[in-house]
Amino acid sequence: MDYFQYQDGVLRCEETDLREIAEKFGTPLYVYSRRTLLDHFNRFRDAFSKLNPTVCFSIKSCSNLAILKLLRDAGSSFDVVSGGELQRALEIGADPASIAFAGVGKTDAEIAHALNIPRTANNAASVGWFNVESEAELDNIATIAEQKGKRATIALRINPDVDPKTHEYTTTGKRETKFGIDIERAPRIFSEFSKRKSLDLAGIHLHIGSPVNTIEPYVQSVSRALKLIDTLRASGHAIRAINIGGGFGAHYDGGEAPPASAYAQQLAPLLTGKNLQVHLEPGRSIAANAGILLTKALYTKSSGQKNYIIADAAITELLRPALYGAFHFAWPIAPTSGLIPPDRRKDLKLSGTTLVDIVGPVCESGDFLAKDRWLPPVTRGDLIAIFSAGAYGMSMSSHYNSRCKPAEVLIDGATPTLIRRRETYEDLVAAERIPLQE
Ligand SMILES: *Cc1c(COP(=O)(O)O)cnc(C)c1O
């Protein structure tokens, strides 16, 4: 699963003692395992290898340049959802042709920027693909591309109207969401927009939600998309690619997420022999279990019936619990009681533990990292690991309460590398200006 394991009573990342890492780099701190990232990426690609897919790592899940570079060197392409993410992909030398630009609200400036990246040989559009979410956007991309004398390669994001049975905030493939175009309308849009010379309408894109821990919703949505592709091809549209998005599960609470091979086993037969280039956009399934958030207990206190650990990490470092009610397993990295969790699951209740909430210092009641957990005794200064925080952790961090963003460290065996320094108070105000007064 990952390379964060207890050994002799202490949590290690690969061959590295995390107490030393906390000592050296301070807390709160994001720690990533290189081996885990590569292992997850390779497993994912190998699972789908029969389809020879383009694997576009979803930058929004974990956007540090060092991690993107690592994945690029392993053969990853990228899925970006903003001009900023596009910049990150270019920064690490990703091939523009391998980039898919998604997102419901691309601005004119972002579209222009994405079209302007110089690409070798032909005069086609610059990013590999625009994943387009509405007719208005399609029209806008066509216009901007015309003005620039470019041709944009388009995958139309369709809404297959399936329920992925995930959190309401991360459901994207049902009809009542802001994402994609109703599948019934796709043929009309293709015939209307295929007249625009600045568009190369060549793909269908899907992304049904995240995390989707069952395979059936993918099977359903891919089947619907393939039927649509048949219809489109029958009316003369040359569809080359299908992008089935991301949302593949990760391990959070002990409820098993299917491995990549299980998704592939059911999806590959559907997609084989269709003469389609297959694109996949995993984020979470690669990065979530490859990172933890290390935090220090600042204080403990009891209030009413409740016991609290006040940690030095907060919603500013990890928003998921507050935003989605997400579960992240938490445990001291070197429990004085010697009590080590046999596994990382939601309902773990060992003898010698007490019920606590882990909360942060931010001035919001919603500022918690873990609620109602049976943890071994924790005292001031103890270090706690918040697991499965590699995806949508640091990338969702904020400066709220004028807190400096934490540092990030990438571990390779016994070697830690600082991949983002801790922010300073100067960083916090660097973009601000006080108007001159008389
Ligand atoms: C967020 C997103 C992904 C990645 O989702 P994960 O759950 O991290 O795999 C892929 N594609 C699109 C279009 C997205 O918005």
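The values are calculated or read from the model by the stated rules, or taken from the named source; none is laboratory data. As the structure is a prediction and not an experimental result, all values here were calculated from the model. So basically every Cβ, Gly included, is an ideal-geometry build from the backbone, and we count neighbours across all protein chains shown.
Worth a mention:
- Failed criterion for Pro269 (all others in (1) part of a strand (DSSP E or B); (2) more than 16 Å from the ligand (Cβ to nearest atom); (3) farther than 30 Å from Lys24 by Cβ hold): (1)
- Counting only strands (runs of 3 or more DSSP E) that sit completely within region 340-438, those holding 1 or more residues that are in contact with a Gly (Cβ under 9 Å, 6 or more places away or on another chain) correspond to 368-375, 383-386, 407-412.
- Top-ranked residue of region 104-126 - restricted to ones that are in a loop (DSSP other than H, G, I, E, B) and at pLDDT below 60, ranked as surrounded by the fewest Cβ atoms within 10 Å (Cβ to Cβ): Ala121
- All conditions in (1) in a strand (DSSP E or B); (2) closer than 30 Å to Phe48 by Cα; (3) outside the structural domain of Ser98 (by TED's automatic domain parsing) hold for Val278, with the sole exception of (3).
- Among residues that are in contact (Cβ under 8 Å) with a residue 40 or more places away in the chain, out of contact with any strand residue (DSSP E or B) (no Cβ under 6 Å at 6 or more places or on another chain), of a type outside the set (Asp, Glu) and more than 16 Å from the ligand (Cβ to nearest atom), Gly26 is included.
- Flag if Leu138 is within 16 Å of the ligand (Cβ to nearest atom) and either closer than 21 Å to Ala225 by Cα or surrounded by fewer than 21 Cβ atoms within 10 Å (Cβ to Cβ) (or both): no
- Per-region count, region 58-84, residues closer than 16 Å to Gly103 by Cβ, of a type outside the set (Ser, Thr, Tyr) and within 15 Å of the ligand (Cβ to nearest atom): 7
- Residue-level check: of (1) in the same structural domain as Gly338 (by TED's automatic domain parsing); (2) more than 21 Å from Met394 (Cβ to Cβ), Lys24 misses just (2).
- So Ala268, is it closer than 30 Å to Val55 by Cβ and in the same structural domain as Ser397 (by TED's automatic domain parsing): no
- Pairs with Cβ under 8 Å, 6+ apart, first in region 321-347 and on the phi > 0 side of the Ramachandran plot, second surrounded by fewer than 18 Cβ atoms within 10 Å (Cβ to Cβ): Gly325/His167; Gly338/Gly9
- Count of region 261-295 residues which are in contact (Cβ under 8 Å) with a residue 60 or more places away in the chain and surrounded by 19 or more Cβ atoms within 10 Å (Cβ to Cβ): 22
- Any hit, region 247-263, residues being of a type outside the set (Gly, Ala, Ser), within 12 Å of the ligand (Cβ to nearest atom) and either in contact with a strand residue (DSSP E or B) (Cβ under 9 Å, 6 or more places away or on another chain) or in the same structural domain as Leu369 (by TED's automatic domain parsing) (or both): yes
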